[in-house]
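Q: One structure, pasted below without further comment.
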């Protein structure tokens, strides 16, 4: 009689026990866990098993949340209070989902402790859309503009006692990091939505608050975001990174395996929807290895990947002994640049361009030499066969005329073939008369969507250069610039 079925059954049982024990071990590090799923009453139960139940105070209301229920805070007297949870002189991680209204410059989402240097924990949202992690001493702030009204965000506050380092993650992405001495608070209630229950009130919704008495890994944070424990069942850590530029015609894809995966379903193709839906010929098979090769004979795309193409891929994690398997992964992508020049400055049809502009572009795939054509006649530039040959990807045409349209083209030679570029155009600045000698600067910000200049309509030519990636929007009068608080500004010069 064959013993093979018995061995298989034993393997399944052992694997199931391992996964279960792993989950329990991870969750044993929970010091507090408030799901906010009760829906009624004034008690928020602690699901960690440590009996740190919270009490709703003031105008705190039960509402629908990101996972099940949540609590809405009114910004004036609402908070949740629980007993003191020791976090002093140790590592910890605090995570939560927030959906805020940034009605004031400072509003607390989590606090604890008493007054004193490093003894008062305050985690807050700032009015500029940044997030702060402080111990009443050396605060850590993220850049502004990361948090906006009426949107869900997963925020992680992370402290490594051994290395005396702290971090803030937003939606699983590390946004700020700084060395910091330990938190020393040994008393004070654990409060969600206010500082001491009497100031800096939070307005908005908070859901799924957890305290771990250790630091979580990046992947574990993703698991908490997904609503599970600190295990993460999905593939992660794509290599190359999502959206990466590939300067080759072959690739070896890699990823970090999900915590429960036994094998991996691979999807790969040129169409996002097909890869996302698993349609067409995008399913490439199931495998137990953590890499996938394409662009070689004997593999997908045997003739090589194609320049100028974006490729999409997805990994679903598979374990037939788990009821939630397969775990569908996100769609990742990488792209190969075209053989022609791309990313030009100025962009096509740009207006209000400086008379001393320097043209620039990114060389096409495999380019060995750039050939530049420039002039004020479309046909001349389009039909030209002899250009200026150069290695550089910038070109200065010299001083140009006011309010005139110019055309330019860049052809790329890759050592075997010449790749003709598109004809691009731009229009230079207009002559603006001085109508009021006392008005020495006037920036209407009424530029075209393709403009990179903030024109000075005073006539004194204090034109600004738009930096970063702000967007042209409808303004109070005419157009306006929308700045996101992260590297967007207008440089007027000196």
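Q: Any chance region 197-207 includes a residue that's part of a loop (DSSP other than H, G, I, E, B), crowded, with 22+ Cβ neighbours inside 10 Å, under 25 Å from the mean Cα position of the chain (by Cα) and at pLDDT 95 or above?
A: Residues of region 197-207 part of a loop (DSSP other than H, G, I, E, B): 197-198, 200-202.
Keeping just the survivors that are crowded, with 22+ Cβ neighbours inside 10 Å gives 201-202.
Now drop any that are not under 25 Å from the mean Cα position of the chain (by Cα), which leaves 202.
Add one more test, that the residue is at pLDDT 95 or above, and what stays is 202.
Yes, there is a match, as at least one residue in region 197-207 is part of a loop (DSSP other than H, G, I, E, B), crowded, with 22+ Cβ neighbours inside 10 Å, under 25 Å from the mean Cα position of the chain (by Cα) and at pLDDT 95 or above.
Q: Of all the strands (runs of 3 or more DSSP E) wholly in region 56-144, which have at least 3 residues that are within 20 Å of residue 221 (Cβ to Cβ) and over 26 Å from the mean Cα position of the chain (by Cα)? Working first, answer last.
A: Working: elements: 61-64, 69-74, 79-82, 92-100, 106-113, 120-126, 131-134.
It comes to none.
Q: Among the numbered criteria (1) surrounded by fewer than 21 Cβ atoms within 10 Å (Cβ to Cβ); (2) modelled with pLDDT under 90; (3) closer than 28 Å to residue 62 by Cβ, which one does residue 113 miss?
A: (1)
Q: A further question on this structure: Which residue out of 100, 182 is in the same structural domain as residue 81 (by TED's automatic domain parsing) and surrounded by fewer than 23 Cβ atoms within 10 Å (Cβ to Cβ)?
A: Values: 100 fails: surrounded by fewer than 23 Cβ atoms within 10 Å (Cβ to Cβ).
Of 100, 182, the one residue that is in the same structural domain as residue 81 (by TED's automatic domain parsing) and surrounded by fewer than 23 Cβ atoms within 10 Å (Cβ to Cβ) is 182.
Q: Return yes or no: is residue 235 under 22 Å from the mean Cα position of the chain (by Cα) and over 25 Å from residue 38 (Cβ atoms)?
A: Numbers: under 22 Å from the mean Cα position of the chain (by Cα): yes; over 25 Å from residue 38 (Cβ atoms): yes.
Taking the combined requirement at face value, the residue satisfies it.
Q: Would a scan of region 376-395 turn up a residue that is at pLDDT 95 or above and within 22 Å of residue 284 (Cα to Cα)?
A: Among the residues of region 376-395, not one is at pLDDT 95 or above and within 22 Å of residue 284 (Cα to Cα), which makes the answer no.
Q: Go through (1) surrounded by fewer than 21 Cβ atoms within 10 Å (Cβ to Cβ); (2) modelled with pLDDT of 95 or more; (3) not assigned by TED's automatic domain parsing to the domain that holds residue 254 and name the single condition residue 361 misses.
A: (1)
Q: I'd like the full set of residues that are touching a residue at least 12 places away in the same chain (Cβ under 8 Å), within 12 Å of residue 331 (Cα to Cα) and out of contact with any helix residue (DSSP H, G or I) (no Cβ under 6 Å at 6 or more places or on another chain), limited to region 249-273.
A: Applying the first criterion (touching a residue at least 12 places away in the same chain (Cβ under 8 Å)) to region 249-273 yields 249-272.
Within this subset, residues satisfying the condition of being within 12 Å of residue 331 (Cα to Cα) are 266-272.
Matches in region 249-273: 266, 268, 270, 271, 272.
Q: Is it the case that some residue within region 276-288 is over 15 Å from residue 331 (Cβ atoms), in contact with a helix residue (DSSP H, G or I) (Cβ under 9 Å, 6 or more places away or on another chain) and assigned by TED's automatic domain parsing to the domain that holds residue 303?
A: Of region 276-288, the ones over 15 Å from residue 331 (Cβ atoms) are 281, 285-288.
If we keep only those that are in contact with a helix residue (DSSP H, G or I) (Cβ under 9 Å, 6 or more places away or on another chain) as well, we get 281.
Now drop any that are not assigned by TED's automatic domain parsing to the domain that holds residue 303, which leaves 281.
For region 276-288, residues over 15 Å from residue 331 (Cβ atoms), in contact with a helix residue (DSSP H, G or I) (Cβ under 9 Å, 6 or more places away or on another chain) and assigned by TED's automatic domain parsing to the domain that holds residue 303: present.
Q: For residue 445, only one of the following conditions fails: (1) in the same structural domain as residue 384 (by TED's automatic domain parsing); (2) assigned to a loop (DSSP other than H, G, I, E, B). What is its number?
A: Evaluating residue 445 over (1) in the same structural domain as residue 384 (by TED's automatic domain parsing); (2) assigned to a loop (DSSP other than H, G, I, E, B) leaves (1) as the failure.
Q: Then there's this: Sort out which residues of region 279-292 are under 28 Å from the mean Cα position of the chain (by Cα) and either without any contact (Cβ under 8 Å) to a residue 12 or more places away in the chain or under 25 Å from residue 364 (Cβ atoms) (or both), and write them in order of number. Give the steps one after another, and end with the answer.
A: Filtering region 279-292 down to residues under 28 Å from the mean Cα position of the chain (by Cα) leaves 279, 282-283, 290-292.
The answer is 279, and nothing else.
Q: Among (1) in contact with a strand residue (DSSP E or B) (Cβ under 9 Å, 6 or more places away or on another chain); (2) modelled with pLDDT under 95, there is one condition residue 431 misses while meeting the rest; what is its number?
A: The number of the failed condition is (1).
Q: Got a number for residues in region 217-276 being assigned to a strand (DSSP E or B) and modelled with pLDDT of 90 or more? Full working, then the answer.
A: Here is the first cut: in region 217-276, the residues assigned to a strand (DSSP E or B) are 236-239, 244-245, 251-256, 263-269.
Add one more test, that the residue is modelled with pLDDT of 90 or more, and what stays is 238-239, 244-245, 251-255, 263-269.
Of the residues in region 217-276, 16 are assigned to a strand (DSSP E or B) and modelled with pLDDT of 90 or more.
Q: While we're here: Right, residue 39: assigned by TED's automatic domain parsing to the domain that holds residue 159, in contact with a strand residue (DSSP E or B) (Cβ under 9 Å, 6 or more places away or on another chain), buried (at least 18 other Cβ atoms within 10 Å of the Cβ) and in contact (Cβ under 8 Å) with a residue 24 or more places away in the chain or not? Reasoning before the result, please.
A: On the way: assigned by TED's automatic domain parsing to the domain that holds residue 159: yes; in contact with a strand residue (DSSP E or B) (Cβ under 9 Å, 6 or more places away or on another chain): yes; buried (at least 18 other Cβ atoms within 10 Å of the Cβ): no; in contact (Cβ under 8 Å) with a residue 24 or more places away in the chain: yes.
Spelling it out, it is not the case that residue 39 is assigned by TED's automatic domain parsing to the domain that holds residue 159, in contact with a strand residue (DSSP E or B) (Cβ under 9 Å, 6 or more places away or on another chain), buried (at least 18 other Cβ atoms within 10 Å of the Cβ) and in contact (Cβ under 8 Å) with a residue 24 or more places away in the chain.
Q: Can you tell which of 64, 31, 82, 70 is at pLDDT 85 or above, surrounded by fewer than 13 Cβ atoms within 10 Å (Cβ to Cβ) and within 25 Å of residue 205 (Cβ to Cβ)? Explain how you work it out, then say what you get.
A: Values: 31 fails: surrounded by fewer than 13 Cβ atoms within 10 Å (Cβ to Cβ); 82 fails: surrounded by fewer than 13 Cβ atoms within 10 Å (Cβ to Cβ); 70 fails: surrounded by fewer than 13 Cβ atoms within 10 Å (Cβ to Cβ).
The conditions single out 64.
The values are calculated or read from the model by the stated rules, or taken from the named source; none is laboratory data. Keep in mind the model is a prediction, meaning the values are calculated, not measured. A quick note on method: Cβ atoms are made from the backbone with ideal geometry, for glycine too, and the neighbour counts reach across all protein chains shown.
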